[in-house]
Number of protein chains: 2
Amino acid sequence: MQARRGTGIETFAKRCKMTPDAIQGRTSRMTRDIGTDHTHGGAEKPTLRTVAQATGFSVATVSRALADDPRIAARTRAIVAEAAKRLGYIPDRAARRLRTGRTQVITLLLNTEHEFLGFTHEFLSGITERLRGTGYSVTVVPDDPGEDRLTPVRTILRNNLADGLLFTRTECFDPRVRMLMEAGLPFVSHGRTEFTMPHPYVDFDNEAFARQAVARLVEQGRDRLSMILPDDKFTFCQHLRYGFVSAAREAGVAHEVLEGVTLDSDREEISCALNACLRRPERPNGFVCVGEVTALMTMAAMTDAGLTPGIEADIVAKRASPIFDNIRPRIETVYEDLRATGRAMAEMLLRRIDGEPAEGLHVLFEPGRCG
Amino acid sequence: MQARRGTGIETFAKRCKMTPDAIQGRTSRMTRDIGTDHTHGGAEKPTLRTVAQATGFSVATVSRALADDPRIAARTRAIVAEAAKRLGYIPDRAARRLRTGRTQVITLLLNTEHEFLGFTHEFLSGITERLRGTGYSVTVVPDDPGEDRLTPVRTILRNNLADGLLFTRTECFDPRVRMLMEAGLPFVSHGRTEFTMPHPYVDFDNEAFARQAVARLVEQGRDRLSMILPDDKFTFCQHLRYGFVSAAREAGVAHEVLEGVTLDSDREEISCALNACLRRPERPNGFVCVGEVTALMTMAAMTDAGLTPGIEADIVAKRASPIFDNIRPRIETVYEDLRATGRAMAEMLLRRIDGEPAEGLHVLFEPGRCG
DNA sequence: GCCCCGAATTATAACGTTTCAATTCATCAG
DNA sequence: CTGATGAATTGAAACGTTATAATTCGGGGC
């Protein structure tokens, strides 16, 4: 693979003689070059032009060479790569974005109400971890409760603000999923939907968690189980409910889902429901809790009712934070690794952006007992 | 203020006749226009050109008009604004960024190790809350423990990735502050420094918190106080230490700072230190805790040693999450409102970006007792 | 020797914006 | 009537990139 036209240096020499047919545009550009050369010596931000001038190749060639385009001679690519590195060239994101339409940004829709403790931190850390080194950056867009969930998505689509989207708290027929599929913007949801067309998702096997929790409580001789469930509109709640109810039914134990409570956030309501249920003569002796706050509320309600967790009733809880190592009495917990979830979602999104089909792209994390 | 040159419509009519001196560039542009008109009827992204054609003004005028430039006639501005709205024009961020160098992005340096529970969520929610409606978006860049803290800052500066920076866990002579001041990039730190040159910051009055905590414990008759302090390299830890030590000294009670522990994250170490200290004959009877995890660890260590929080020793803790409402026995807590902190930091950063001098820009949140 | 192929490179336009430096034109002073 | 004034507008360049359509030129086939 010998360069036919001669090396960059030769080409440069030739160019310096200035070809006869100097077109207007070219002239003006050359004029400007001289102007640029006049400026102070050191700190100009290196651009493609800088590298082009240093190597003697044209801007176009340099651009292609840096993209490892096979149409550029291997030797040229090497020379350009070396020069770019030496000069500290870094492609300008704005220019590239303007030209290509790709933003090099992925956006996370962040619920701004109460979180499952530690969720946001771990999740975001996982995402940034995976994105490190790729040119992508994460932007966070609020998914405010009470606001239409589609508005941020619409804004992102209209203004072309991201190459891909991540979001949580997925609903069974999540309108965001529908809109994104129609628009063709890559995305990964935390949680499944019930649309027939497949889309990428990462989920925790909440059904399995609920089943395990029931099994564990039954093992410990508990036979009146209760579960506090967030709003049913989220898919994961339906999985929890299904796992809980069917496992309890199979085990032949009494069970109930505490109704009338919505999300982890409506603390007052949950407290009332808990207190009421603990005062019933046939009160539950086993609780399945979905988040740490719910679990702590259950413990507090028991304590306030003069009962001791582990004696009159057992609790199994899902957790995403480390606090349960320090809660006394100890209760059994299952850890959902949200850092790994964030990593996996970012990974999938990158693949999807790279054009991989949606079909195979999903992960279901199995619960591993801990604590 | 009458338009001298005639309304947009007249100008448009005139332009359609095509002036004699049609320069090359113009011709080619017109050609392209026709090509564009040929395409399918509806969904072209509206750009300045679209608005210009619709109103009959030039792109330059439209651009100025939308920026409310006083050199553009008031009537023209109104016409253009109306048309832009009607057509759904939204300025292209990439183009604007390329042209102006401003990114419309602010970046949050996010520590990716363990958080004070709920910190990230609340903080980010506050930031996005303030930024809503302004054109700014937030990107999150990891500040990985063990990595050089300057690397992300350097990257942001070199690649011009943001118009401003927010970060936490500020050190007394934080190298990031120095670098950013030198580079002239607006930023707001969560926490103060000891540099002589002023810079914008938002902080919680940790010294006051520590003093209040000591006072509260002394009120309750406690006279051997202990505090677990994260790494001294952070400014806020020094404030905590100073407040704790001087208040205890003034009250004339015994006190110690548990040494040898670094951050909230080194749980094993903290546990050991706690257990050891609780087994001493002259063990502390009052604890000041900075985070919920530390507080819970203290409670757990007491329980494990056969002691009951509130009986043999009291605990006062700072918290950023709602969990302490549900911890039994109840302990006294002081709430640091991180949502408000995020809001305030975003607010200041916006002002700073707008050119406001750094001098007056700081807020110190006073602790309010709660729970 | 001529023509054409194709490998290697290059000129140029374009992405959508902002802004400098004109240009236009009514008005007013002289 | 002329020239200066200044308000209103505009042409064109520029930001740094990529993609399309040339251009160059050695070599192989005839």
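Every number in this text was worked out from the coordinates using simple rules, so none of it is lab data. None of these values were measured; they are calculated from a predicted model. Using ideal geometry, Cβ is built from the backbone for each residue, glycine included, and neighbour counts are taken over all protein chains shown.
Look at the stretch B:134-144: the mean tally of other chain Cβ atoms within 10 Å of its residues' Cβ atoms is 5.
Relative to the other identical copies, B:Val363 shows label-point distances of 3.7 nm, where the label point lies 7 Å from Cα along the Cβ direction and values run shortest first. Highest GNM mean-square fluctuation among B:Val153, B:Val177, B:Val140, for chain B modelled with Cα contacts below 10 Å: B:Val140. For the pair B:Tyr335 and A:Glu182, label points projected 7 Å from Cα toward Cβ lie 4.1 nm apart.
Each Lys or Arg adds one and each Asp or Glu takes one away; over the other residues whose Cβ falls under 12 Å from the Cβ of A:Met302, this sums to 0. Using only alpha carbon pairs under 8 Å that are at least six residues apart, calculate the relative contact order of the stretch A:181-298 and give it in whole percent. Reported as a whole number, the value is 28 percent. Taking every C-alpha pair closer than 8 Å and separated by at least 6 residues, the mean separation divided by the residue count of chain B gives a relative contact order of 16 percent. If one computes the Cα centroid of the stretch B:301-370 and of the stretch A:129-180, what distance in Å separates the two points? Centre-to-centre (Cα) distance: 30 Å. Between this copy and the others, label points of A:Lys85 are 5.6 nm apart in ascending order, each placed 7 angstrom from Cα in the Cβ direction.
Packing, as the average of other Cβ atoms within 10 Å across residues, places the peptides A:322-328, A:132-138 in the order A:322-328, A:132-138, highest first. The charge dipole of the stretch B:206-335, taken about its Cα centre with unit charges on the Cβ atoms of Lys, Arg (+1), Asp and Glu (-1) only, comes to about 240 debye. In nm, to one decimal, how far is the A:Glu269 label point from the B:Ala254 one, both placed 7 Å along Cα→Cβ? Inter-label distance under the simple model: 5.1 nm. Residues whose amide H comes within less than 5 Å of that of B:Lys318, counting only those at least five positions distant or on another chain, are B:Cys289, B:Val290, B:Gly291, B:Val334 (H built at 1.01 Å from N in the peptide plane). Antiparallel beta bridges, as assigned by DSSP with both residues in the protein assembly as shown, represent about 15 percent of the total such bridges.
Computed over neighbours whose Cβ is under 13 Å from that of B:Gly221, the net charge equals -1, Lys and Arg +1, Asp and Glu -1. Remark: relative contact order (the stretch A:201-253) = 53 percent; criterion is Cα-Cα distance under 8 angstrom and separation of 6 or more residues.
Neighbours of B:Lys45, meaning other residues whose beta-carbon lies under 9 angstrom from its beta-carbon, give a summed charge of -1 when Lys and Arg score +1 and Asp and Glu score -1.
Projecting the Cα atoms of B:Ala60, B:Cys289, B:Met302 onto the charge dipole of the protein assembly as shown, computed from C-beta unit charges around the Cα centre, puts B:Ala60 farthest toward the positive end. Springs between Cα atoms under 10 Å define the GNM used for chain B, and in it the highest mean-square fluctuation of B:Thr155, B:Thr294, B:Thr333 occurs at B:Thr155. The other copies place their A:Gly146 label points at 4.2 nm from this one, listed shortest first, where each point is 7 Å from Cα along Cα→Cβ. Each label point was placed 7 Å from the Cα along the Cα-to-Cβ direction; for A:Asp232 and B:Leu364 their separation is 5.4 nm. Evaluated over the protein assembly as shown, the count of Lys pairs having alpha-carbon atoms less than 22 Å apart is 4 (only pairs 8 or more residues apart or interchain). The A:Ala60 and B:Leu150 beta-carbon pair, evaluated with R₀ = 30 Å, returns a calculated FRET efficiency of approximately 0.25. Only helical runs count toward this figure. For chain A, summing -39,500 (n - 2.57) over DSSP H runs of n ≥ 4 and dividing by all residues gives -14000 deg cm²/dmol at 222 nm.
For the options B:Gly360, B:Gly146, B:Gly184, a Gaussian network treatment of chain B with springs between C-alpha atoms closer than 10 Å singles out B:Gly146 as fluctuating the most.
First check a/c for chain B, with a ≥ b ≥ c the square roots of the eigenvalues of its C-alpha gyration tensor; if it is under 1.5, answer rounded, and if not, answer prolate when a/b is larger than b/c or oblate otherwise. Prolate shape, in that a/c is at least 1.5 and a/b is the bigger ratio.
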